[in-house]
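These notes are about the structure you will find just below.
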Amino acid sequence: MEIDIVFGIVVLIVSIVLHEVAHGYMANWLGDPTARLQGRLTLNPVSHVDPIGSVALPLLLLIMQSPMLIGYAKPVPYNPYNLRGRYGEGLVAFAGPGTNIIIALVFGLAVRFGGTAMPVELASAFLTIAFVNLMLALFNLIPIPPLDGSKVLSTIFEFIAPPLARGYDTFRLNFERLGILPGTLLILLIFVYLAPVFTSVLMTLLRLLTGM
(Lines give C-alpha, C1' and ligand atoms only; values in the text may rest on other atoms or scores of the structure.)
Protein backbone atom coordinates (compact mmCIF):
# COMPACT_ATOMS: atom_id res chain seq x y z
CA MET A 1 0.00 0.00 0.00
CA GLU A 2 2.83 2.42 0.91
CA ILE A 3 4.50 1.71 -2.44
CA ASP A 4 1.26 2.49 -4.28
CA ILE A 5 0.94 5.83 -2.45
CA VAL A 6 4.56 6.78 -3.17
CA PHE A 7 4.16 5.81 -6.83
CA GLY A 8 0.95 7.84 -7.07
CA ILE A 9 2.67 10.91 -5.58
CA VAL A 10 5.60 10.54 -7.99
CA VAL A 11 3.21 10.24 -10.95
CA LEU A 12 1.30 13.32 -9.73
CA ILE A 13 4.49 15.41 -9.43
CA VAL A 14 5.85 14.33 -12.82
CA SER A 15 2.47 14.90 -14.49
CA ILE A 16 2.13 18.40 -13.01
CA VAL A 17 5.65 19.29 -14.15
CA LEU A 18 4.94 18.06 -17.70
CA HIS A 19 1.70 20.06 -17.59
CA GLU A 20 3.55 23.28 -16.74
CA VAL A 21 6.42 22.72 -19.17
CA ALA A 22 3.85 22.21 -21.94
CA HIS A 23 2.45 25.69 -21.22
CA GLY A 24 5.93 27.16 -21.59
CA TYR A 25 6.78 25.30 -24.77
CA MET A 26 3.50 26.32 -26.38
CA ALA A 27 4.08 29.97 -25.46
CA ASN A 28 7.62 29.78 -26.81
CA TRP A 29 6.37 28.18 -30.03
CA LEU A 30 3.82 30.98 -30.42
CA GLY A 31 6.48 33.66 -30.07
CA ASP A 32 6.81 34.42 -26.36
CA PRO A 33 10.16 33.34 -24.80
CA THR A 34 9.32 34.50 -21.25
CA ALA A 35 9.13 31.01 -19.73
CA ARG A 36 12.29 29.89 -21.52
CA LEU A 37 14.25 32.98 -20.43
CA GLN A 38 13.13 32.48 -16.82
CA GLY A 39 14.24 28.86 -16.79
CA ARG A 40 10.76 27.36 -16.59
CA LEU A 41 11.22 24.93 -19.47
CA THR A 42 12.76 22.43 -17.09
CA LEU A 43 11.64 19.12 -15.63
CA ASN A 44 13.03 20.07 -12.22
CA PRO A 45 9.97 20.01 -9.88
CA VAL A 46 11.48 22.69 -7.61
CA SER A 47 11.06 25.28 -10.38
CA HIS A 48 7.30 24.63 -10.53
CA VAL A 49 6.25 24.30 -6.86
CA ASP A 50 3.54 26.77 -5.82
CA PRO A 51 3.15 27.31 -2.03
CA ILE A 52 -0.65 27.46 -2.25
CA GLY A 53 -1.50 25.11 -5.11
CA SER A 54 1.23 22.52 -4.52
CA VAL A 55 1.31 22.53 -0.71
CA ALA A 56 -1.58 24.36 1.02
CA LEU A 57 -4.44 23.15 -1.21
CA PRO A 58 -3.53 19.43 -1.10
CA LEU A 59 -2.94 19.73 2.67
CA LEU A 60 -6.34 21.35 3.23
CA LEU A 61 -8.04 18.67 1.14
CA LEU A 62 -6.24 16.03 3.19
CA ILE A 63 -7.33 17.65 6.48
CA MET A 64 -10.92 17.93 5.22
CA GLN A 65 -10.79 14.23 4.28
CA SER A 66 -11.60 14.90 0.64
CA PRO A 67 -11.94 11.67 -1.37
CA MET A 68 -9.48 13.08 -3.92
CA LEU A 69 -6.18 14.92 -3.56
CA ILE A 70 -5.45 17.56 -6.17
CA GLY A 71 -3.29 20.63 -6.67
CA TYR A 72 -1.60 22.86 -9.19
CA ALA A 73 1.88 24.20 -9.80
CA LYS A 74 3.26 27.72 -10.09
CA PRO A 75 1.77 29.26 -13.25
CA VAL A 76 4.24 29.50 -16.13
CA PRO A 77 4.88 33.17 -16.94
CA TYR A 78 4.10 34.45 -20.41
CA ASN A 79 3.33 37.73 -22.13
CA PRO A 80 0.06 37.44 -24.10
CA TYR A 81 1.07 40.42 -26.27
CA ASN A 82 3.95 38.36 -27.69
CA LEU A 83 1.76 35.46 -28.75
CA ARG A 84 1.00 34.98 -32.42
CA GLY A 85 -2.59 34.41 -33.48
CA ARG A 86 -5.95 35.45 -32.13
CA TYR A 87 -6.32 32.38 -29.95
CA GLY A 88 -2.76 32.19 -28.62
CA GLU A 89 -3.68 32.61 -24.97
CA GLY A 90 -6.23 29.81 -25.17
CA LEU A 91 -3.73 27.51 -26.87
CA VAL A 92 -1.16 28.15 -24.16
CA ALA A 93 -3.80 27.46 -21.49
CA PHE A 94 -4.95 24.22 -23.14
CA ALA A 95 -1.40 22.93 -23.68
CA GLY A 96 -1.17 21.84 -20.03
CA PRO A 97 -4.36 19.80 -19.68
CA GLY A 98 -3.96 18.74 -23.31
CA THR A 99 -0.65 17.12 -22.39
CA ASN A 100 -2.30 15.32 -19.48
CA ILE A 101 -5.05 14.10 -21.81
CA ILE A 102 -2.48 12.70 -24.26
CA ILE A 103 -0.64 10.89 -21.44
CA ALA A 104 -3.94 9.50 -20.14
CA LEU A 105 -4.89 8.32 -23.63
CA VAL A 106 -1.54 6.58 -24.21
CA PHE A 107 -1.51 4.67 -20.92
CA GLY A 108 -5.29 4.19 -20.73
CA LEU A 109 -5.49 2.67 -24.20
CA ALA A 110 -2.48 0.49 -23.39
CA VAL A 111 -4.51 -0.93 -20.48
CA ARG A 112 -7.62 -1.35 -22.66
CA PHE A 113 -5.88 -3.22 -25.47
CA GLY A 114 -3.00 -4.88 -23.67
CA GLY A 115 -4.02 -5.12 -20.04
CA THR A 116 -4.72 -8.86 -20.06
CA ALA A 117 -1.30 -9.58 -21.59
CA MET A 118 0.55 -7.36 -19.08
CA PRO A 119 1.82 -8.32 -15.64
CA VAL A 120 -0.71 -7.18 -13.06
CA GLU A 121 1.77 -4.73 -11.55
CA LEU A 122 2.43 -3.05 -14.91
CA ALA A 123 -1.27 -2.79 -15.75
CA SER A 124 -1.89 -1.26 -12.31
CA ALA A 125 0.92 1.26 -12.83
CA PHE A 126 -0.45 2.24 -16.26
CA LEU A 127 -3.94 2.59 -14.77
CA THR A 128 -2.58 4.91 -12.06
CA ILE A 129 -0.82 7.08 -14.65
CA ALA A 130 -3.99 7.32 -16.74
CA PHE A 131 -6.10 8.11 -13.67
CA VAL A 132 -3.80 10.86 -12.35
CA ASN A 133 -3.47 12.58 -15.72
CA LEU A 134 -7.19 12.38 -16.46
CA MET A 135 -7.86 13.84 -13.01
CA LEU A 136 -5.39 16.71 -13.60
CA ALA A 137 -6.87 17.48 -17.02
CA LEU A 138 -10.44 17.50 -15.73
CA PHE A 139 -9.55 19.58 -12.68
CA ASN A 140 -7.54 22.17 -14.59
CA LEU A 141 -10.31 22.61 -17.15
CA ILE A 142 -12.70 23.90 -14.46
CA PRO A 143 -13.39 27.46 -15.69
CA ILE A 144 -12.36 29.30 -12.52
CA PRO A 145 -9.26 31.55 -12.33
CA PRO A 146 -6.42 30.73 -11.92
CA LEU A 147 -7.15 27.35 -13.55
CA ASP A 148 -6.53 26.88 -17.27
CA GLY A 149 -10.21 26.30 -17.94
CA SER A 150 -10.96 29.99 -17.43
CA LYS A 151 -8.74 30.99 -20.37
CA VAL A 152 -9.88 28.03 -22.47
CA LEU A 153 -13.53 29.01 -21.93
CA SER A 154 -12.70 32.62 -22.80
CA THR A 155 -11.17 31.45 -26.09
CA ILE A 156 -14.20 29.30 -26.88
CA PHE A 157 -16.45 32.29 -26.26
CA GLU A 158 -14.20 34.41 -28.48
CA PHE A 159 -14.62 31.86 -31.27
CA ILE A 160 -18.41 31.42 -31.05
CA ALA A 161 -19.64 34.70 -29.51
CA PRO A 162 -17.14 37.59 -29.12
CA PRO A 163 -19.52 39.80 -27.05
CA LEU A 164 -19.90 36.96 -24.55
CA ALA A 165 -16.11 36.61 -24.46
CA ARG A 166 -15.69 40.29 -23.58
CA GLY A 167 -18.16 40.01 -20.72
CA TYR A 168 -16.53 36.86 -19.38
CA ASP A 169 -13.04 38.36 -19.73
CA THR A 170 -14.10 41.36 -17.64
CA PHE A 171 -15.22 39.01 -14.87
CA ARG A 172 -12.10 36.83 -15.23
CA LEU A 173 -9.62 39.71 -15.15
CA ASN A 174 -11.34 41.40 -12.21
CA PHE A 175 -11.33 38.11 -10.33
CA GLU A 176 -7.64 37.55 -11.11
CA ARG A 177 -6.77 41.01 -9.77
CA LEU A 178 -7.94 39.86 -6.34
CA GLY A 179 -4.95 37.54 -6.28
CA ILE A 180 -4.57 33.79 -6.34
CA LEU A 181 -6.01 33.15 -2.84
CA PRO A 182 -9.71 33.91 -3.61
CA GLY A 183 -9.64 31.61 -6.63
CA THR A 184 -7.98 28.87 -4.61
CA LEU A 185 -10.57 29.14 -1.82
CA LEU A 186 -13.42 29.06 -4.35
CA ILE A 187 -11.89 26.02 -6.05
CA LEU A 188 -11.49 24.35 -2.65
CA LEU A 189 -15.13 24.94 -1.71
CA ILE A 190 -16.44 23.76 -5.08
CA PHE A 191 -14.14 20.76 -5.16
CA VAL A 192 -15.01 19.61 -1.63
CA TYR A 193 -18.78 19.96 -2.00
CA LEU A 194 -18.95 18.73 -5.59
CA ALA A 195 -16.35 16.00 -5.12
CA PRO A 196 -18.92 13.20 -5.68
CA VAL A 197 -19.89 14.72 -9.06
CA PHE A 198 -16.25 15.25 -10.02
CA THR A 199 -15.39 11.71 -8.96
CA SER A 200 -18.34 10.24 -10.88
CA VAL A 201 -17.39 12.04 -14.09
CA LEU A 202 -13.73 11.11 -13.66
CA MET A 203 -14.41 7.42 -13.06
CA THR A 204 -16.86 7.26 -15.97
CA LEU A 205 -14.23 8.72 -18.32
CA LEU A 206 -11.59 6.36 -16.92
CA ARG A 207 -13.82 3.31 -17.50
CA LEU A 208 -14.58 4.45 -21.06
CA LEU A 209 -10.85 4.90 -21.70
CA THR A 210 -9.46 1.77 -20.08
CA GLY A 211 -12.42 -0.59 -20.22
CA MET A 212 -11.98 -1.31 -16.49
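The values are calculated or read from the model by the stated rules, or taken from the named source; none is laboratory data. Only a predicted model underlies this, so the values are computations on that prediction, with no experimental measurement involved. Here the Cβ is made from the backbone with ideal geometry for all residues, glycine too, and neighbour counts use every protein chain on show.
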Scan F175, F126 and give me the residue that is buried (at least 19 other Cβ atoms within 10 Å of the Cβ) and of a type in the set (A, V, I, L, M, F, W, C). F126
Looking at (1) part of a helix (DSSP H, G or I); (2) at pLDDT below 90; (3) among the β-branched types (V, I, T), which one does V92 not meet, given that it meets all the others? (2)
Identity of the residue in the range 72-89, within 27 Å of I52 (Cβ to Cβ) and charged (D, E, K, R), that ends up farthest from the chain's Cα centre (by Cα): E89
Check on M203, at pLDDT 80 or above and buried (at least 16 other Cβ atoms within 10 Å of the Cβ): no
Restricting attention to the range 1-20, the residues that are free of Cβ contacts under 8 Å to residues at least 40 places away in the same chain and buried (at least 21 other Cβ atoms within 10 Å of the Cβ) number exactly 0
So for the range 76-85 (the condition being crowded, with 17+ Cβ neighbours inside 10 Å, at pLDDT below 90, in contact with a helix residue (DSSP H, G or I) (Cβ under 6 Å, 6 or more places away or on another chain) and in a helix (DSSP H, G or I)), does at least one residue qualify? no
Looking only at the range 58-72, decide whether some residue is assigned to a loop (DSSP other than H, G, I, E, B), closer than 14 Å to D148 by Cα and either at pLDDT below 80 or not charged (D, E, K, R) (or both). yes
